[in-house]
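Read through the structure below, which is laid out as C-alpha cells, and then see the notes.
The values are calculated or read from the model by the stated rules, or taken from the named source; none is laboratory data. All figures in this text were calculated on a predicted structure; none of them were measured in a lab. For neighbour counting, all protein chains shown are included, and Cβ atoms are generated from backbone atoms with ideal geometry for every residue, glycine included. Surface accessibility is based on the protein's heavy atoms, side chains included, excluding ligands, DNA and RNA. Shrake-Rupley method; radii C 1.70, N 1.55, O 1.52, S 1.80 Å.
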Amino acid sequence: MCGIVGYIGTKQAAPIILDGLSKLEYRGYDSAGMAVYDGVGKINITKSVGRLKILENITRDGETMPGVCGIGHTRWATHGVPSDTNAHPHFNEAETITVVHNGIIENYLQLRKMLTDRGYHFVSETDTEVLAHLLDYYYKGNPLEAVTKVLHRVEGSYALGILFADCPDQIFAARKDSPLIAGQNEDGCFIASDVPAILKYTRKVYYVDNQEVVRLRADHMHFYTVDEEETTKEPVFIDWDASAAEKAGYEHFMLKEMYEQPKTVTDTLLPRIKDNDIVIEELNMTDEEICGVSKIHIVACGSAYHAGVTGKYVIEGLARIPVEVDLASEFRYRDPILEEGAMVVVISQSGETADTLAALRESKKRGFQVLGIVNVVGSSIAREADNVMYTWAGPEIAVATTKAYSAQLIALYLLAVKFGRVRGKIEDMTYASLLGDLRCLPDQIELLLNNKNKIQRFANRYIGAKDVFFIGRGIDYAISLEGSLKLKEISYIHSEAYAAGELKHGTISLIEEGTLVAAVSTQPALYAKTISNMVEVKARGAFVLAVTCEENKEIEKAADYVIYIPETNPYFANSLAIIPLQLFGYYVAVGKGCDVDKPRNLAKSVTVE
Ligand code: AGP
C-alpha cells in the first residue's frame, strides 16, 4: 500500500504535496518522491529512500521544486527493495512523462518484456516503471488516449497520478481497486489516495470509481470511463476530524486493518494464480526440488507462529510432507535436528523480529535453504532469506496483527496446494476445487466482517471477564491460539487456548459458573468430538460460544451462542473463523476503554530477544 498526492492550481505545488504525503505515511514510508512541472517545459523529479522527512530536507520543504502542478508518492515497497531508484515517481527516458502508483501491476513482467523488445530501457525493479514506458509507447500527443490505452493493457490494481510535460496545465489520474479521491477548492484541484491528504484544503471530495480516469486543471476536473466517455460525479462532504481521517473514518487502525483483509487476501492470492494454476515465482524451486523436500520446519513468533501451526495441518494434509513448527525463541537454542532435504520457512510480518531472524541465521549456518514469508519488503529477514514470498498486506500499524496474519495464511495455503500438486497428491478435480475455494475467501471474509454488530453486542457481555478459554482440535486448535492472543493482548483479559481433548487433563478444574469457553469447530471430521468437549465444560458451568460452519447444526445442542462461518474447504477455515474472534477481542478491548492500537507493554516489532 502506498500513498499518492497531486495538486494543480495557483499555489506552489510542492509544499502542498509534501503536506499531503505526511498525512499518508501510514500507507507506506520506506521512500518518497515528487515530480513538479517547472512552468518552462520541464518536469523536475526528486526522490529518495527513507522517510518523507528526508525528501522534505532535500527539497527544503519544496523550495527547490517551484511550480504549480505536481504529483508525489510515499512508498510501501512491493516490487523492488526500498531505494532511490525504486522510489516513485517513475518516468520515461525523455523524462517527459512521469507517474506515481499505488497498487500491483500483475502482468508487469510480460509488459516489461514487450517494451524491452521494442527498445525501452528499465532502470528500476518496480512494476510501476512499466507504466511510464507504456504511456510513452502510446502517447502520440493525446494524453487521455494514452492513459486509457495503458489501462486497457494492464492487469492488477492501481491508483495513478500522471504528468505529461507537453500538457503542463493538466494532471491525469486513474483508479482500479486501489483507493483514489479528487478534490477542489478556490486555489486548485487535488488527487490523493485517502482523505487525510487533502482534508486541510477541502472537505468536498469525489471518490474515483474503478476504471475511471480524471483530468484535473487548475479550476476544474473531468471524469471519464476507460473508453474516454465523459461521466459526471457527485461530491461527498467529509465531516471527519483530521486524526479520524488517517484511519479513514475507522475508530482504530486495528478495525481499519481488519476491514482491509478482503483486499489483503486478494493481493496476496491472485497474483500467484495464473491460468488456473498456482505460480509462486519467488520460490525459485524446480518441481524436482519440491519433490525432494523431506521435511518443512516452520519457525516464527506470536501470531506468525499461530499461522505456522495452521500451516502444519494444511501442508501435511495436502502435500503429505512432515512439518515441524517451532517458536523461534525455542528453535534458536534447542540445537534443532535438521536432516538432509529439510526446508526452513520463517514467517514474520515486520521482518525484523530478533528471534525469528536468529532462527533464520542458525538454519543458514547449518546449510539449509530458508524461505521467508514476510510483509515488509527489504526488511532484515527479507534480505537474508534465500527466497521471499511477500504477503502484500501493506503497512500494518496496529500492534495486534490481523490483515498480515490473514495474508500469512494465504501464503501457507498456496505453498501447501502447490507442493501437493507438484508431488502428485492433488488430482485435477480437487485442485480446481481448492483454487475455487481460495478465490471465494475475500468475499466470505467481507461477509463475516459485516456481521460485526452481532459480535459487538456479544462482546459487551464479557468486558468484565477474568478468564476466557479457547478450545479446538486440529486446525481449530491453531485458530484458538490466535483467537486467544487477540483477546488477551489488547483487552488484558487472561485467556488460554487449549487443544479441546486436553482440557480434562487438568485445566478443566478452572472452569466455573459463567466462565466463557469459545469452542472453534470447523473440521467436519471432528465436529462430534468437539461437541463432547463442549458438553464437558457446560456441565461445569461454562457459557459456550461456538464458532462453526453453517452445516453444523448439531452444535446448537451444546452451545449457548453460535457464530456461523460460510462453507469453505476445512483446510482454509482458519481464514474465516478468525474474523469473529478478531472482532470479539477488538470489541471487548474497546468496551474496556483499552488503547487498542498500542496495547501496554507491547511493540509492533520485537527487535530484541
Ligand atoms: C500479534 O498480534 C503480535 N503483534 C505479535 O505476536 C507478533 O505476531 C509477533 O511479535 C511476531 O511479529 P512478526 O510477525 O513481525 O515477526
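Every residue, every condition in (1) open to solvent by 10 Å² or more (accessible area, probe 1.4 Å); (2) among the β-branched types (Val, Ile, Thr); (3) not in a helix (DSSP H, G or I), yes or no:
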{"residue": "309", "(1), (2), (3)": "yes, yes, no"}
{"residue": "317", "(1), (2), (3)": "yes, no, no"}
{"residue": "321", "(1), (2), (3)": "no, yes, yes"}
{"residue": "325", "(1), (2), (3)": "yes, yes, yes"}
{"residue": "337", "(1), (2), (3)": "yes, yes, yes"}
{"residue": "351", "(1), (2), (3)": "no, no, yes"}
{"residue": "357", "(1), (2), (3)": "yes, no, no"}
{"residue": "361", "(1), (2), (3)": "yes, no, no"}
Point to revise | Lone unmet requirement of (1) in a strand (DSSP E or B); (2) in contact with a Phe, Trp or Tyr (Cβ under 6 Å, 6 or more places away or on another chain); (3) within 30 Å of residue 486 (Cα to Cα) for residue 297 | key: (2)
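If I filter region 128-139 for residues that are assigned to a loop (DSSP other than H, G, I, E, B) and charged (D, E, K, R), do I get at least one hit?
no
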Check your understanding: Inside region 511-609, counting only strands (runs of 3 or more DSSP E) that do not spill past its ends, which hold 3 or more residues that are surrounded by fewer than 22 Cβ atoms within 10 Å (Cβ to Cβ)?
Key -> 561-565
Study note, to complete from the structure: Going through region 329-348 in order, the residues found to be under 25 Å from residue 603 (Cα atoms) and more than 8 Å from the ligand (Cβ to nearest atom) are 329, 330, 331, 332, 333, 345, 346
Point to revise | Subset of region 381-396 [assigned to a loop (DSSP other than H, G, I, E, B) and either at pLDDT below 95 or more than 15 Å from the ligand (Cβ to nearest atom) (or both)] | key: 386, 392, 393, 394, 395, 396
Review point. What are the residues in region 482-504 that are among the aliphatic types (A, V, I, L, M), buried (at least 24 other Cβ atoms within 10 Å of the Cβ) and within 20 Å of residue 597 (Cα to Cα), if any?
Key: 487, 490
Exercise for review: Being more than 11 Å from residue 318 (Cα to Cα) and open to solvent by 10 Å² or more (accessible area, probe 1.4 Å) is the filter; apply it to region 397-421 and report the residue that is farthest from the ligand (Cβ to nearest atom).
Suggested key: 397
Practice item. Select from region 241-294 the residues that are open to solvent by less than 60 Å² (accessible area, probe 1.4 Å) and small (Gly, Ala, Ser) and list them in ascending order. Key: 244, 245, 248, 249, 292, 294
Review point. Restricting the first residue to region 516-539 and requiring it to be hydroxyl-bearing (Ser, Thr, Tyr), which pairs with a second residue that is in a helix (DSSP H, G or I) and open to solvent by 10 Å² or more (accessible area, probe 1.4 Å) meet a Cβ separation below 7 Å and a spacing of at least six or different chains?
Key: 521/527; 522/570; 527/554
Check your understanding: If you scan region 349-380, which residues turn out to be within 11 Å of the ligand (Cβ to nearest atom), of a type in the set (S, T, N, Q) and out of contact with any Leu (no Cβ under 8 Å at 6 or more places or on another chain)?
Key -> 349, 350, 353, 356, 375, 379
